[in-house]
1. Checking the condition outside any helix (DSSP H, G or I), β-branched (Val, Ile, Thr), at pLDDT 95 or above and open to solvent by less than 10 Å² (accessible area, probe 1.4 Å), which residue from B:183, B:209 passes?
2. For segment B:207-261, which positions are of a type in the set (Phe, Trp, Tyr), closer than 20 Å to residue B:89 by Cβ and under 20 Å from the mean Cα position of the chain (by Cα)?
3. If you check B:175, B:230, which single one turns out to be assigned to a helix (DSSP H, G or I), closer than 30 Å to residue B:133 by Cα and either touching a strand residue (DSSP E or B) at 6+ places or on another chain (Cβ under 8 Å) or open to solvent by 50 Å² or more (accessible area, probe 1.4 Å) (or both)?
4. Counting only residues that are among the β-branched types (Val, Ile, Thr) and facing chain A (nearest Cβ under 9 Å), how many does segment B:39-55 have?
5. Which one of these does residue B:48 not meet: (1) part of a loop (DSSP other than H, G, I, E, B); (2) under 30 Å from residue A:76 (Cβ atoms)?
6. Please determine whether any residue of segment A:27-34 is more than 22 Å from residue B:159 (Cα to Cα) and either part of a helix (DSSP H, G or I) or open to solvent by 40 Å² or more (accessible area, probe 1.4 Å) (or both).
7. Show the residue pairs meeting these rules: Cβ distance below 7 Å; 6+ apart or different chains; first residue within segment B:184-197 and at negative phi; second residue hydroxyl-bearing (Ser, Thr, Tyr) and open to solvent by 50 Å² or more (accessible area, probe 1.4 Å).
8. Need pairs with beta-carbon distance below 6 Å; first residue without any contact (Cβ under 8 Å) to a residue 24 or more places away in the chain and within segment B:1-26, second basic (Lys, Arg) and open to solvent by 50 Å² or more (accessible area, probe 1.4 Å); sequence gap 6+ or separate chains.
Amino acid sequence: MQLLTAAAAGFRTQLRHMRGNADWMLSLITTPLLTMVFVSMFLYADRGELISYAVLAPGLMAMWSTALLTAGELISFERENGSLEGLLAAPAPFAAVLYGRIAAVTALSLVGFAEAWLVGSLMAGFPVPVAHPWALAAAVMVTVGAMTCWAAVMSSVFVLARSARIFQNSLSYPFFVLGGVLVPVSLLPVWVEVPARMVFLSWSSDLLRDAITPAPVEQLWLRLLVITALGAAGLALSLLLLDRALQRVKRTGRLTHA
Amino acid sequence: MLSVITAASRVAWADMRALYSPVTWTFGWLGRILAQVIFFALIGLLLEDPDAVVFLFIGQAVMVTVVEVFFTVASTTWEKKAGTLPLILASPAALWAVLFGRSLQWVPSGVATASAALFVLGPALGIGWSIGAAVLAVPVLILVSLSMYAVALTLAAAALRTPGWRNVLGNVGHLGIMLGCGVVVPVTAWPAGVQLLVQAVPLTHGLEVIRALHTSGPSAELLAPVALLLTTGLGWAAVAAAAFSLFASVGRRDGSIAFSE
């Protein structure tokens, strides 16, 4: 119960932080433009059947970018503000607060999917069809969960980093490639595809694409399970890393100036 | 003015050293940039069109220098955040000269990342260059970076008034440029009004030159787009200097330099 209360407090705090702060909305502001970039490429190449790919990719990219931003900014902001020590000393578990805050941003980033769909439909001149809406909804839900867990892994690493912003800037496109957000990882060489399959995003991207296209979605439950399992692995890893990271900075006294 | 720009550029290098070590720049930043170029080149694979792979690869490889120099929009506002902007304004040096030097670190970094993409990653992916074309492409890349730096400085002057929107301005700016200036689709794919508008952006001409160098090698016909690249770049530098001067004079008058937002 205490965990849930702390997570809910984190969720509410994050929403308050985001109010009137353009940076938190950056991905949602740039999603329509990114959608235009992708859709224009497919329309120019006369490959209208790929527009669904162009509509899903910016949504996933917005979700990953906001998760990354939260994971990094959260630590950086609290550190610069001098409140990171207070948060860690408080009786409420820091991990729960962290999860609540990341979940708020990740949930909000879902708006990116709607934006991308709207822009894609306007550019295509017809509503981009969603063939399997329930499969899409389920895939989005498990993706949000997994995204939150892996953003927490990044946050744990950022506690130890001199500047979280270096990692924030660096972890976007490598994961967009490995996550197959626009180009399925099955088109990549095997030596890239194998590690890419360890990234939950590649499973999410494939499933989301299958959910939007007319062909039946194969092995839906198994794929949902894989995304959930990879998310759970992120949860376990983040808890472990956060515990280790906090113990270390407390021991070395480098919490404020890692 | 040159001595002011040189002095201000020391802050730029200090910022760069504080932000990146050689290791984090190479494996963090350069890796991310190369991943961006690969990401877009892969779209050509999805389109099953080898020409599209080359088009998208070169477009993005040059675009990354723009992405980097557009960090200027944010780094210019750091002076406001640090509280040093009023001191700069109180000094005898012109504000525009200080701010022209203050974010120069992004230019060589942008040229280095774009060069690594074009001349190291490219050949590794089968997109090779003749020695002559590569030797000429580098100075063009430097001109693209410097002239787009001037565009970024103009946006930075706007961001000084609304520092909370610095990242939005920079990102929307570079995405709009990516969309319209021939990076992902040829300029001719857009309506006549857009085609005309993007002629004012130096990247449009620089990219045309670099694509032509890759396809057909050096030729006298490239002198015209190079001249346009230079002219538009100088034009934007003049606009940026005027915008900073306007910011300074308005700020002195209404007292908004240190206290707005």
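The values are calculated or read from the model by the stated rules, or taken from the named source; none is laboratory data. Note that this is a predicted model, so its numbers are computed, not measured. FYI the Cβ positions are ideal-geometry reconstructions off the backbone, even for glycines, and counts take in every protein chain you see. Areas reflect the complete protein model, heavy atoms only, side chains present, ligands, DNA and RNA absent. Shrake-Rupley method; radii C 1.70, N 1.55, O 1.52, S 1.80 Å.
1. Values: B:209 fails: outside any helix (DSSP H, G or I).
The conditions single out B:183.
2. Residues of segment B:207-261 of a type in the set (Phe, Trp, Tyr): B:236, B:244, B:247, B:259.
This time we only want the ones that are closer than 20 Å to residue B:89 by Cβ, so: B:244, B:247, B:259.
Of everything in segment B:207-261, just one residue is of a type in the set (Phe, Trp, Tyr), closer than 20 Å to residue B:89 by Cβ and under 20 Å from the mean Cα position of the chain (by Cα), namely B:244.
3. Values: B:175 fails: either touching a strand residue (DSSP E or B) at 6+ places or on another chain (Cβ under 8 Å) or open to solvent by 50 Å² or more (accessible area, probe 1.4 Å) (or both).
Unique residue meeting the criteria: B:230.
4. 1
5. (2)
6. The first filter runs over segment A:27-34 and keeps only residues more than 22 Å from residue B:159 (Cα to Cα), leaving none.
No, because not a single residue in segment A:27-34 is more than 22 Å from residue B:159 (Cα to Cα) and either part of a helix (DSSP H, G or I) or open to solvent by 40 Å² or more (accessible area, probe 1.4 Å) (or both).
7. Sorted first by the residue in segment B:184-197, then by its partner, the pairs are B:185/A:44; B:189/A:44; B:195/B:188.
8. Here the result reads none, with nothing in segment B:1-26 linked to a residue that is basic (Lys, Arg) and open to solvent by 50 Å² or more (accessible area, probe 1.4 Å).
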